[in-house]
Every structure is written in structure tokens, then in C-alpha cells.
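Participant: Before we start, here is the structure in question, set down as C-alpha cells.
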Amino acid sequence: MVRQRSNRDSESVVLVAKRSNYVILALFVVAVYGSWFVYEQQYLNLPKPLGAQQVGKRGFSEHEAIQHVIALTQFGPHPVGSPALDHALQYVLQAIENIKETAHWEVDVELDLFHAKSGANHMVGGLFKGKTLVYSDLNHIVLRISPKYAAEATENAILVSSHIDTVFSAEGAGDCSSCVAVMLELARGVSQWAHGFKNAVIFLFNTGEEEGLNGAHSFITQHPWSDTVTMAIDLEAMGVGGKSGIFQAGPQPWAIENFALAAKYPSGQIVAQDLFKSGAIKSATDFQVYQELAGLSGLDFAYADNTAVYHTKNDKLKLLKPGSLQHLGENMLAFLLKAGTSTNLPKGKGTNSSGKSGQDTAIYFDILGTYMVVFRQYFASLLYNTVILQALLIWTTSVIMGGRSAMVSLALSSLSLVLMWMCAIGFSVFVAFVLPLVSSSPIPYISSPWLVVGLFSAPAVLGAFTGQHVGYLILLKYLTKTFSRRNANLPLVVQEDLAKLDAERWLFKAGLLQWLILLIVGNFYKIGSSYLALAWLAAPAFAYGLLEATLSPARLPKPLKTVTLLIGSSVPCLLSSGIIIHSVSTLIGSAVRLERSPGSNPEWLGNVIVAIFIAAIACLTLVYLLSYIHISGAKVPLIITTCLLFGISLAVIQLGVVPPFTEDTARAVNVVHVVDMTGANGKKQEPASYISLFSTTPGNLVKEVEQIGEEFTCGTDKPLDFVTFSVKYGCWSDKNANIGWHETDIPLIRVENDIKGDNRVTHVSIDTKLSTRWTLGINTDEVEDFQLKDGPEELVPIGDKSNADSWHIIQFSGGKKAPRKFSLTLFWANNQTHKSYKKDSNTEQPLLKLRTDVDRITSPTETVLGKLPQWCSLFGKSTSPLTLAFLTSLPVDF
């Protein structure tokens, strides 16, 4: 506070540079409770489920939709090729027959049970690099709803798509029986409205998505109705329930702009789209096929609550929150009614609704789940450039007017930013390294995400404050000398207090500089999430300019007003608090499946990622608030509080008060009966059979093996190559491993013909025996090109092939009638003068390596699964082996 008295002869200044502890406490309380309120409204506030009588024939009823989820989950896991999937298809087929019977008399409901014989997905983007995904014998259900007396409507269709199949390890309540249920209830509703439509609506219930987006690919490349599709909507899940939000939109903005106008509870963030497209989220959806292969624009929705249960046994009905289906269903029905009656749908690849080429992508975000803001990139660039230029002009003018003192102060306040980031990251990363030493699991917070508040957020806040305070002290020392020269007539105590107040203001302005830099970078790279940088820059700058700024550098500084922080932070917190909390929650859940190749990463890696992410959030969002603490008496209470939070959280973990995993939030493991025909040098040997236990969740398996028994040995002594990934740390047991399989089940790779010379060509036959799900690795250091055939039918043609780490991977999946015998033609690289070796050893790599999967639980596997701790769950994905896997290879020198 400042008290100043003056007269003509002298000036007496009494100044105390101090802020009340209670003000700081109140600010932290407002920040915490305000942030949680935003998150709760934006992500947890679900609509009330409605019954059939409440919505009538034309509305969406969750009570009706949930019956479909119940029915589909009762079939258990239903992966491609399983009898359970046939039952699920029959159920969906019968539900559609009921829709046909009750449809409006002026509406056509056409049903097509589509069988895709075979095909190959050659996309090379993202997860598809170095892969060819081949499929066969897939069955899909395609439903088209259109006005009966407007035949031209079928020439322009809106595609709504999701998948019926699940991974082998989950019943799929979230992924994606909930999506299928919503589509069935939407189809029922649309069948009562479509007589007034100008466009048809196609509902695609596909299979094969979990094996590599094969259902969407087969529809786009083989089904005659695919040529009529002008816009695609994909429904997905990476968790169970909650709000289904848009995480991909475009490239044309028509769909997202009209969804924002139509939806009752709009939910979607371009932040999620930026993360997804950056590759930070290692996943893909059918929407990628619709965008890249078909050139369609549209929307991609996903349920993202409880991401830790994704593809595990806990993807089950009881975790599906009431209101989840109602939320997505009401939004989608309103959008389809608007799009169905529109005459200006986007016309396809590279064109807008008027048919002209060129696209202006959209930036979108929702506010509290009730209103969605959408604006185009062109406007965003214009707005960002204007703000950047004005900010640079103000900064330049300010520094010039302030002279050398201002330039040095700017440099030192920038130093405080650097120190803040260094200390925040350093403190939280230190904890990341400590946790594996004091806990039974390297990631002990999975079942209790609130623990990260004490484990990582508290050290991050303490580190950010410590770093900023060190910078503050350096800046204060300089400013004290400056004020002693500039205001020598003032008492020394007053000079020191003036320096404190000026240092506080420079730290606040350093926060503005931080966000200005981020806005410049985001604008340059056209990052959609840059609107957050704009909010965190413009709102505090406006508040500071309105309430704090002075035109003359000669005026004495005053303490920053509390209202400045409240006004400046309200809009940024409204826009970002929910996203931040949701993102941290998603990141924590994803740690369950962090290790794509078990044992290949250090145990602390997951903690370091979480720690750095939280530290970055602390530095970005608390930079303004922390600048208020340095002249207050809240420094010691802040240190004590953060240390207490950390100490309590650490004690809770060390004492085992809360377990790292529970039955409902389980550790992801795989139990595979392996029959291995590959030697360490790629040569053939007698079959070696054993039960393999490994986990995509960081940490050893000692506790699990102690409970299972069955003579397991754990370590890194027995690395295992599953073609699509490798297991460097795992457990294995030979007990009864010769039971449950026969030598006639072992796949065969046989060289039929080898034509040597400058253009060497080798013909190989492959017999996968029992398996219709297999993975073949082709060594691209030795092989330049190849061709795969099923009899006379060409599955993979000759042509350019991408590779990843010197391998091209063919992933094959199909139904019961899929082929099991193939011919492979290899075209060797010219001037071959060396053999392939693993990068980390002198072990020769094979020419071909093959893994075949069989959905069979052998007797020893059943024993292990029966003893598996309740806190563990099998984990499935397209690259995971099933419970019985055969490994074989062909050496280079066959």
C-alpha cells in the first residue's frame, strides 16, 4: 500500500510494499474452485436421460439406446472372426428391421448386409507408416434413410459411422457399443423426419475397425453408396461415457459451423485436434480413412471419460455414466436434422459448398458445454497479427521511453521466466525419478488421479515460485540501485519499497511476454489452439492497461491491484481450466498403456511426461498470480503448504494407503501362449513353447507373478519379437506349455523358387494354418519390393512401400472364411553386399518374420488367467497377439 503527502516545499512519502496473506489465500481459493467449476460444467454436467414417452417418436431416448448397449455387451468381447461378432451383427440387423417397420410412410429405409471379400489399406500417414493392412471376409451393415418421393436426395448423403467389433479383451460398452446404440436410436428418430430431407443419411455399422480401420476402408473402396457420400461423421470412444466431444473437424468448416448452431449441448475442442494430429496421441479412427482416402470433410466424436479402462475388461456397462448417450444423441439428432434439410453440403475433396477449390479451416471450442465458438483460420490470422503487432509496438515504445533501465529490467524479468520454468520442471521431474524408488509401481496414481496434485502440482508450483522469486531478487537488486540514483531525495526504505513494487510489475509484464511469444509461434505454424495464447495475453494486458499502466515512466510505481488479476484471469480461466484438468486426467489414464514395447523405456518415463506437462501448465497459468506473492507474507505459508501436500501424498503412496491399481482401474497385461520356431539367429529350430506374461504399463511384474505362481521367471534375459513390437522385459513359464497346440498348427514359410542374379526374385508360399489374423515383417534392407497374392487375387501390388526401422509390416485380419494360404514374391535390393543386423547387437535379422494369432485359450493359459490378480486386465489392440501365438521366420541365407 502507498500513502503519500506532498506540498510545495517538500514531499513526504510513506510507503509499505506489502500485500495481505489473506488476499493471496483468497486468490488461490478462487483459482482452484473457479477452475473446478469450469471443468465440472464443461465435462461432468450431463443431461438427464429421457424415456421413449418423454421424447415421442421423433426424439432421442437414452432409455431406449441403453437397451442396445446392454444387449451388445452381453455377447462379451466380439472381435473380427468370432461367433460373438456374428451374434452382434444379427442383433443390429434385427434392430434395423424394427426401425424399417415403424418408419414414416414417406421415408425409404434401405438395408444392405455388405460383405467385403478382401482389400488392402495402403495409407502411409501416422500409425500406418511402414504398414499395409490387409483384410478379408468382413461383414458390415449399411442403412440408408431418405425421402421416398425425392430420388435426388440419395445422390447426396451424410455418412454416420461407427464399429460393432471390439478387441478380444473387452466387452466394449464404451468402445463402441455406446456408439452403435446411439446410431440405432438416431436411425429410429431420423426415419420419422426424413420425409422433409433433401439429403440421405447413411448409417454404417462396420467391423474390422479395431484391426486397422478395415471396415471404413472396405466401405469407401467397395460399396456403391460410398460415391454419394459428401460428408462423414464418425463416432468413437477412447474411454467409457461422459460427454462425447468433437476432437477432429474439417478440413472444410461447414460441418463444425452448423453443428455449433444446431447442437443443444455442444462439446468440442480444437486443442484435442491439435494433439491428435501432432502424433502425441498414438491412435487412429475411421475418420482418417474418410478424410485421407475419400477426401471427405466432417466431424469425429469420441467419448473420453475413464481413459485408463480403454481396451481392457473394465470397458463395461456399469462405468457408463447416465446421460452420456443422451448428450451425444440429442446433439447428433439436431445436427442431422439441420444437415439433412440443407441444400449446400460440402461437395467433397478440395471444394467448398459452391464447388470452388480451396479451404479455410475452422477453429472451434465450447464454453461450459453450452455454447460453441467457431471462427475461420483467415479471421484468426488477421486477429492474431493485429494483436501481435500492437503488442510489439507497445513493448517497443515502453522500452524506448524507459531507456536503459527498461531494457535491463525486461531482460531480468525474462530471466525470471527462464528460472521459473527450470525450477518448476526440475522440482517435478525430481519427484518423477523418486516415485519408482518408494512405490510398488512407478505410476502409483492411476487409480487415484487426485494424488498428482500433491505429487507433481505442488512441487511444480513451489518450483515455479522459487524460480520466479530468484529472478525477482536479481531484478530487485538492480532496481534498488536504479531508484537510489533516480530518487536520491527519498528515504532508503522508500527506495527499496519502490523497487519491490516495480519488480512486481515487471514480473507481471513478463507473463505477458511469455504468452506473446507463444502467440507468435502458434500464429506462424497456424496452430488452432493459439486462441488460448490470445486469451492469456489479451485479457491480462487489457486489465493491466486499464488499471495499472502509466504513460510516464517518471511516475512512482504502485502495488498491483487485486482486481487487475481477477479481471485479467477470468476469461482465460473460463476458456482453459476445463481443458487443462481434462487433459491431465486423460494423460494419467493413458499411462496404463504407455509402453508399446514392454521394457523398452525406463520406468520413470511416464512420470517424467506427466511431471513436465503439469509443470508447463503451472508456469503458463500461474505466472500472473505468482507475481503477486513476492511482496506479501504468503511466501512461507506457500512453501509450507506445497511441502505438506507433497509429503502427505508421498506418505499415502509409500504406506500403501491407496493401491496403484484396482479392479475397476486395472493394469494392462497380456498372457500369451507362445510357440516359437525362430532361433536367436533367425534359423529354424525345434518348437519352443512357453507362457509369456508382459505389460504395457510401466513397472515390473514381481507382485503379479507372486500371486500367480506357475513357475514364472521375470527379467530381460528372454526378449521376444512379436513382429509389430518387441518385449524386452517380461515373464515366462514352461510349465505345461506343450499342452493345447499341435505341430500341425505351426505356420509354414517355404521358398518355392529363387531366381538369383542382378535382379533377384524369390517366390515364397505362406500357410497360416489355423490363423486368419497374422502379421508378417519384411526386411526392407534386403527386399526392395514385394507382391502378395491369395491365389490369383492380388492383395498387395508391386509399388513403392514405406518402411519403419527397416521393416515393412503386413497386418492381416479376416473372418472365418478368410484365406490361409498366400504367395509372396520378393524383389531383392540390387548390389546387396551386407546382411541386416539389429542396431543394438550383432544378431542377424531374418528376411521374413511371421506371427500368427489364434483366439484359443489353452489349458496352461487358462490356469494363468484364472490366477491373474483382480487389479490386472488383458489389453487388446490391433498389434497385440491373441492368447495363442505362433512365431516363425525365414533367414536371409535360406
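The values are calculated or read from the model by the stated rules, or taken from the named source; none is laboratory data. Remember, predicted model here, so these are calculated numbers, not experimental data. Every residue, glycine among them, receives a Cβ derived from its backbone with ideal geometry; neighbour counts consider all protein chains shown. We work out accessible area using only protein heavy atoms, side chains counted, and drop any ligands, DNA or RNA first. Shrake-Rupley method; radii C 1.70, N 1.55, O 1.52, S 1.80 Å.
Participant: May I ask for the equivalent-ellipsoid semi-axes of the range 166-250, computed as the square root of five times each C-alpha gyration tensor eigenvalue and listed largest first in whole Å?
Facilitator: Details: eigenvalues 107, 64, 31 Å².
Semi-axes (√(5λ), whole Å): 23, 18, 12.
Participant: When the Debye formula is applied to the Cα atoms of the range 175-308, each taken as the same point scatterer, what base-10 log of I(q)/I(0) results at q = 0.11, 0.13, 0.17 Å⁻¹?
Facilitator: -0.39, -0.56, -1.02
Participant: Would you please classify the overall shape of the range 294-453 from the alpha carbon gyration tensor, given that a ≥ b ≥ c denote the square roots of the eigenvalues, rounded means a/c under 1.5, and beyond that prolate means a/b larger than b/c while oblate covers the rest?
Facilitator: Values: a/c = 2.96, a/b = 1.14, b/c = 2.60.
Oblate shape, in that a/c is at least 1.5 and b/c is the bigger or equal ratio.
Participant: What is the chain's relative contact order, in percent, from Cα pairs under 8 angstrom and six or more apart in sequence? Walk me through the numbers before you get to the answer.
Facilitator: Numbers: 1906 pairs, mean separation 124.9, N = 894.
Relative CO of the chain lands at 14 percent.
Participant: Could you work out how far helix 492-524 tilts from the main Cα principal axis of the chain, as a 0 to 90 degree angle to the nearest 10?
Facilitator: 30
Participant: Extent of the range 603-659 along each principal axis, from alpha carbon coordinates, in Å, largest to smallest?
Facilitator: Rounded to whole Å, the extents work out to 41, 23, 13 Å.
Participant: Here's something else I'd like to know. What base-10 log of the normalised intensity I(q)/I(0) is obtained for the range 413-485 from the Debye formula, alpha carbons as equal point scatterers, at q = 0.13 Å⁻¹?
Facilitator: The computed values of log10 I(q)/I(0) come out as -0.49.
Participant: Give the value in nm², to one decimal: projected area of the alpha carbon convex hull of the range 249-325, averaged over all directions. Mind showing how you got there, number by number?
Facilitator: Values: hull surface 25.4 nm².
If you wrap the Cα atoms of the range 249-325 in a convex hull and average its projections, you get 6.3 nm².
Participant: In addition: Determine which aspartates and glutamates satisfy two conditions relative to Lys481: a Cα distance under 15 Å, and not lying fewer than 8 residues away in the same chain.
Facilitator: The reachable aspartates and glutamates, counting only those whose Cα sits under 15 Å from Lys481, are Glu496, Asp497, Asp502.
Participant: First obtain the Kirkwood hydrodynamic radius of the chain from its Cα pairs, then insert it into the Stokes-Einstein equation at 20 °C and 1.002 mPa s, and state the resulting D in µm² per second as a whole number. Don't jump to the answer; show the numbers that get you there.
Facilitator: Numbers: Rh = 30.2 Å.
The calculation lands on 71 µm²/s.
Participant: Further, regarding this structure: If pairing requires two Cys Cβ atoms under 4.7 Å apart, which cysteines of the chain are left without a partner?
Facilitator: Singleton cysteines: Cys423, Cys573, Cys619, Cys643, Cys872.
Participant: So how much slack lies between Arg485 and Asp893, counting 0.36 nm per residue of separation and subtracting their Cα-Cα distance, in nm? Don't skip to the end; give the middle numbers.
Facilitator: On the way: separation 408, 0.36 × 408 = 146.88 nm, distance 8.33 nm.
So the chain would gain 138.6 nm between Arg485 and Asp893.
Participant: Once you list every other residue whose beta carbon is under 14 Å from the beta carbon of Tyr149, what net charge do they have if Lys and Arg are +1 and Asp and Glu are -1? All intermediate terms of the calculation are to be shown ahead of the outcome.
Facilitator: Numbers: positive: Lys148, Lys198; negative: Glu106, Asp108, Glu152.
Net charge around Tyr149: -1.
Participant: Using only Cα atoms, tell me the angle between helix 62-73 and the longest principal axis of the chain; keep it within 0 to 90° and round to the nearest 10.
Facilitator: 50
Participant: Just to confirm the number: angle between the C-alpha axis of helix 562-590 and the first principal axis of the chain, 0 to 90 degrees, nearest 10?
Facilitator: 20
Participant: Here's something else I'd like to know. Nearest-5 percent of antiparallel DSSP beta bridges in the chain? Walk me through the intermediate numbers first.
Facilitator: Details: 100 of 134 bridges.
Roughly 75 percent of the beta bridges in the chain run antiparallel, per DSSP.
Participant: Moving to a separate point now. When the convex hull of the C-alpha atoms of the range 136-211 is computed, what volume per residue in Å³ does it have? Can you show the working numbers first?
Facilitator: Working: hull volume 6.9 nm³, N = 76.
That works out to 91 Å³ per residue.
Participant: Just reorder Glu844, Glu595, Glu155 by solvent-accessible area, largest first, 1.4 Å probe, all chains present.
Facilitator: Numbers: Glu844 35, Glu595 10, Glu155 115 Å².
Reading off the accessible areas and sorting them downward yields Glu155, Glu844, Glu595.
Participant: Using the Kirkwood formula on the Cα atoms of the range 644-788, what hydrodynamic radius do you get, in angstrom to one decimal?
Facilitator: One decimal place: 19.1 Å for the Kirkwood radius.
Participant: Along its principal axes, what span do the Cα atoms of the range 357-424 show, with the longest given first and each in whole Å?
Facilitator: 51, 31, 24
Participant: For the range 456-547, restrict the atom set to alpha-carbon positions and state the Rg and Dmax in Å.
Facilitator: Values for the range 456-547 (Cα only, Rg and Dmax): 17.0, 53 Å.
Participant: Another one. Roughly speaking, what is the centre-to-centre gap between the range 454-489 and the range 728-779 when only Cα atoms are used, to the nearest Å?
Facilitator: 65
Participant: Apply 1/(1 + (r/R0)^6) to the Cβ-Cβ distance of Lys48 and Leu547, taking R0 = 45 Å, and write down the FRET efficiency to the nearest 0.05.
Facilitator: E between Lys48 and Leu547, to the nearest 0.05, is 0.55.
Participant: Right, here's the next one. Counting alpha carbon pairs within less than 8 Å and at least 6 residues apart, what relative contact order, in whole percent, applies to the range 477-636? Don't skip to the end; give the middle numbers.
Facilitator: Numbers: 107 pairs, mean separation 42.2, N = 160.
Across the range 477-636, relative contact order equals 26 percent.
Participant: Let me ask something additional. Could you work out the Rg to Rh ratio of the range 398-537, with Rh taken as the Kirkwood radius (inverse of the mean 1/r over all Cα pairs)? Provide the component values of the computation, followed by the final result.
Facilitator: Working: Rg = 19.6 Å, Rh = 17.5 Å.
Ratio value, two decimals: 1.12.
Participant: If amide H atoms are built 1.01 Å from N in the plane of the peptide, which residues on other chains or at least 5 residues away come under 5 Å of the amide H of Gln248?
Facilitator: Asp300
Participant: Right, another one. Which of the pairs Lys57/Lys243; Lys316/Lys769; Lys117/Lys347; Lys509/Lys558; Lys316/Lys735 have their Cα atoms more than 26 Å apart in this structure? Don't skip to the answer; put the middle values down first.
Facilitator: Details: Lys57/Lys243 24 Å; Lys316/Lys769 34 Å; Lys117/Lys347 29 Å; Lys509/Lys558 14 Å; Lys316/Lys735 33 Å.
Over 26 Å Cα-Cα: Lys316/Lys769; Lys117/Lys347; Lys316/Lys735.
Participant: Related question: Excluding ligands and nucleic acids, what accessible area in Å² is computed for Trp254 using a 1.4 Å probe, to the nearest 10?
Facilitator: Only protein atoms counted, so the area is about 30 Å².
Participant: What distance in nm separates the simple spin-label points at Glu784 and Arg596, each placed 7 Å from Cα in the Cβ direction?
Facilitator: About 2.9 nm separates the two model spin labels.
Participant: Continuing with this model, one more query. Using protein chains only and a probe of 1.4 angstrom, how many square angstrom of Arg58 are accessible, to the nearest 10?
Facilitator: Near enough 100 Å² of accessible area.
Participant: Which aspartates and glutamates, on any chain, are close to Lys148 with Cα under 15 Å apart, when same-chain ones fewer than 8 places away are left out?
Facilitator: Within the straight-line cut-off, Lys148 pairs with Glu101, Glu106, Asp108, Glu110.
Participant: On to the next question. Using only the Cα atoms of the range 558-634, each taken as one equal point scatterer with no solvent, compute I(q) by the Debye sum, divide by I(0), and report log10 of the ratio at q = 0.20 Å⁻¹.
Facilitator: Ignoring solvent entirely, the Cα scatterers give -0.93.
Participant: For the range 533-671, what is the Kirkwood hydrodynamic radius in Å, using each pair of distinct C-alpha atoms? All intermediate terms of the calculation are to be shown ahead of the outcome.
Facilitator: Working: mean 1/r = 0.0528 Å⁻¹.
The Cα-based Kirkwood calculation yields 18.9 Å.
Participant: Taking the Cα centroid of the range 358-380 and of the range 852-878, what is the distance between the two, rounded to the nearest whole Å?
Facilitator: 45
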